[in-house]
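Chemist: Dropping the structure in here first, questions after.
The values are calculated or read from the model by the stated rules, or taken from the named source; none is laboratory data. Because the structure is a prediction, the values reported are computed rather than measured. Here Cβ is always computed from backbone atoms with ideal geometry, including for glycine, and neighbour counts include all displayed protein chains. Calculation scope for accessible area: heavy atoms of the full protein, side chains included, ligands and nucleic acids excluded. Shrake-Rupley method; radii C 1.70, N 1.55, O 1.52, S 1.80 Å.
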Amino acid sequence: MSSVTVRVPAKVNVQLSVGPLREDGYHDLVNVFHAVSIFDEVVAKESESITVQVNGKWSDQVPTDDCNLAIRAARALAKHAGRTYGADLIIQKEIPVAGGMAGGSADAAGALVACNELWGLGLPMEDLMEIAGDLGSDVPFSLIGGTAVGTGRGEQLSELPTGGTFHWVFALADGGLSTATVYAECDRLRAALGAEVPWPMLDDSLMEALGTGDAYALGSHLTNDLQAAALNLRPELAPTLDSGRQHGALGAIVSGSGPTCAFLAIDATHARDLAQSLTATGAAHTAVAAHGPVHGATLV
Ligand code: C5P
């Protein structure tokens with residue numbers, strides 16, 4: 001095999017409950033991930049060494065040196081297999097960069113699946129999940145997709161059943177936000193308040209809404225503990241969220257650590273209309289309609 005192509009989805013967090021800061025600098029989470037139909041594509045081609053090239057939207061914002069997460073993923077996989085392998089990774093980007101939609105994690109998951117196939121390793125999903133967890137908290141979810149609850153720092157996953165398809169609109173913002181900076185701002189805001197941070201708990205009503213496919217119920221139970229921090233760092237996101245609510249969004253939240261804003265729509269037609277309204281009113285310069293859940297990293 002000389003070339004392999006993998007498609008990997010973006011995610012939105014329908015519940016992101018952040019516990020106290022741990023000694024290792026991470027936070028224990030209850031993180032309900034939901035994979036949506038905005039996809040990056042990762043092509044792996046036979047090569048002597050491991051390289052990466054990024055094409056498409058925002059490609060100029062993605063590093064192509066050793067800190068690129070897809071390169072690190074391919075290297076970690078080769079190390080796990082105990083041999084030196086090469087691959088030219090070519091990433092076609094659609095997922096916003098540093099947008100709170102796990103774009104970098106998606107590319108890492110795509111590289112793991114693509115190189116596992118290209119190099120004929122045949123490693124089982126459990127092995128890929130373990131390598132993924134070491135690469136980043138969101139990478140294991142990018143492998144499996146669907147809807148799942150992540151605990152620990154988000155990497156310990158249990159799949160959640162969903163009773164239907166949900167329709168979303170994502171308002172893309174200029175410039176990304178660093179995940180670490182948003183968590184640090186969350187800690188700072190909490191310290192200023194001085195209140196004890198509760199242990200994160202899965203929201204039963206949210207689970208029921210997901211299970212029955214009830215978009216209205218899901219919309220009213222969306223939560224994100226990082227939202228206040230993201231809004232503090234990017235105050236201009238607040239009117240974007242308000243505008244979506246005014247145009248009938250069932251729920252409006254910052255996606256993960258932001259700055260992308262996520263709006264839950266009634267159905268596909270409402271999602272299209274909502275996306276149009278957000279751009280027509282200037283509330284967002286780009287708004288993308290998508291649906292979920294979708295599969296994780298998939299060979300095409
Ligand atoms: O795991 P990942 O590399 O994606 O995390 C990026 C940063 O986000 C971490 O360095 C940490 O500052 C923050 N983080 C956290 N708690 C988590 C996940 C991420 O504080 N559960």
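Chemist: Of the conditions (1) touching a residue at least 60 places away in the same chain (Cβ under 8 Å); (2) in contact with a helix residue (DSSP H, G or I) (Cβ under 6 Å, 6 or more places away or on another chain); (3) of a type outside the set (Gly, Ala, Ser); (4) in a helix (DSSP H, G or I), Phe263 clears all except one; give me its number.
Modeler: Among (1) touching a residue at least 60 places away in the same chain (Cβ under 8 Å); (2) in contact with a helix residue (DSSP H, G or I) (Cβ under 6 Å, 6 or more places away or on another chain); (3) of a type outside the set (Gly, Ala, Ser); (4) in a helix (DSSP H, G or I), Phe263 violates only (4).
Chemist: OK, next. Mind listing just one residue for me: the one in the stretch 273-292 that is of a type in the set (A, V, I, L, M) and outside any loop (DSSP other than H, G, I, E, B) and, of those, farthest from Phe33 (Cα to Cα)?
Modeler: The selected residue is Ala280.
Chemist: Continuing with the same structure: Output the residue which, of all residues in the stretch 169-184 that are open to solvent by less than 60 Å² (accessible area, probe 1.4 Å), within 11 Å of the ligand (Cβ to nearest atom) and not aliphatic (A, V, I, L, M), is nearest to the chain's Cα centre (by Cα).
Modeler: Selected residue: Ser178.
Chemist: Is it the case, given these coordinates, that Gly152 is surrounded by 12 or more Cβ atoms within 10 Å (Cβ to Cβ), touching a residue at least 40 places away in the same chain (Cβ under 8 Å) and at positive phi?
Modeler: It is true that Gly152 is surrounded by 12 or more Cβ atoms within 10 Å (Cβ to Cβ), touching a residue at least 40 places away in the same chain (Cβ under 8 Å) and at positive phi.
Chemist: Please tell me if Ala108 is assigned to a helix (DSSP H, G or I), surrounded by fewer than 21 Cβ atoms within 10 Å (Cβ to Cβ) and either hydrophobic (A, V, I, L, M, F, W, C) or within 16 Å of the ligand (Cβ to nearest atom) (or both).
Modeler: For Ala108, the condition - assigned to a helix (DSSP H, G or I), surrounded by fewer than 21 Cβ atoms within 10 Å (Cβ to Cβ) and either hydrophobic (A, V, I, L, M, F, W, C) or within 16 Å of the ligand (Cβ to nearest atom) (or both) - is not met.
Chemist: Return the pairs, sorted by first residue and then second, in which the second residue is part of a loop (DSSP other than H, G, I, E, B) and open to solvent by 50 Å² or more (accessible area, probe 1.4 Å), the first residue lies in the stretch 47-64 and is in contact (Cβ under 8 Å) with a residue 24 or more places away in the chain, the beta carbons are less than 6 Å apart, and the residues are 6+ apart or on different chains.
Modeler: Val52/Thr64
Chemist: Mind listing whichever residues of the stretch 13-53 are in contact with a Leu (Cβ under 9 Å, 6 or more places away or on another chain) and of a type in the set (A, V, I, L, M, F, W, C)?
Modeler: Result: Val14, Leu16, Val18, Leu29, Val30, Val32, Phe33, Val42, Val43, Ala44, Ile50, Val52.
Chemist: State all residues of the stretch 132-146 that are on the phi < 0 side of the Ramachandran plot, crowded, with 22+ Cβ neighbours inside 10 Å and more than 10 Å from the ligand (Cβ to nearest atom); if no residue qualifies, say none.
Modeler: Ala132, Pro140, Phe141, Ser142, Leu143
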